[in-house]
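What follows is calculated from the coordinates using simple rules that are stated; it is not laboratory data. Since this is a predicted model, take the numbers as computed values, not measurements. All Cβ positions, even for glycine, are placed from backbone atoms using ideal geometry, and neighbour counts span all protein chains on display.
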Amino acid sequence: METSKADEPHLRHVELDVLIPKMMREKARVLCDQQAEAFTHCCKETGFLMVVKCQEENKALKECLTKHYNDPAFFEECKQEYIREKQEYQKTGISAKNRNQKSPNST
């Protein structure tokens with residue numbers, strides 16, 4: 001069930017330009033974890049020469065992240081997730097971060 005633009009709540013400038021892109025960066029980091037691990041491993045192995053020795057790994061990581069940042073479908077996916085989290089917060093008063101941290105069995 002896709003929502004039409006008319007059904008979507010109005011999003012403020014800060015939500016569209018700051019909060020949703022922040023969510024995109026966090027999700028892209030997870031999606032590009034393999035490239036990030038390769039770059040991190042290369043940097044740890046080479047020390048001060050990482051600028052020269054890890055260019056390929058750095059390039060692969062940047063390409064992966066940029067691919068996600070520039071993908072309109074990925075933006076829309078993150079926007080819809082943001083809207084769902086916002087609506088849930090408005091209903092419950094509990095942020096997604098706090099909802100995910102608390103388990104029903106916690107004391």
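How about the chain: what cysteines have no other cysteine beta carbon under 4.7 Å from their own?
When partners are defined as cysteine Cβ atoms under 4.7 Å apart, the chain leaves 43, 78 without one.
Sorting check: for 13-23, 55-65, which peptide has the highest mean count of neighbouring beta carbons within 10 Å, and how do the rest follow?
Averaged packing, sorted descending, gives the order 55-65, 13-23.
Only one of the listed values, (i) 18.1; (ii) 10.4; (iii) 11.1, was derived from the coordinates as mean projected area of the Cα convex hull in nm²; which label is it?
Only one listed value fits the structure, namely (ii).
Angle between the Cα long axis of helix 72-92 and the longest principal axis of the chain, 0 to 90 degrees, nearest 10?
The angle comes out near 50 degrees.
Explain nothing, just the number: relative contact order of the chain, from Cα pairs under 8 Å at least 6 residues apart, as a whole percent.
Taking the mean separation of contacting Cα pairs over the length of the chain, I get 28 percent.
Can you give the net charge of the other residues whose Cβ lies under 13 Å from the Cβ of residue 31, counting K and R as +1 and D and E as -1?
On the way: positive: 25, 27, 29, 67; negative: 26, 33, 37, 63, 71, 77.
Once all neighbours under 13 Å are counted, the net charge is -2.
If you fit an axis through the alpha-carbon atoms of helix 20-31 and take the longest principal axis of the Cα set of the chain, what angle between them do you get, 0 to 90°, nearest 10?
50 degrees
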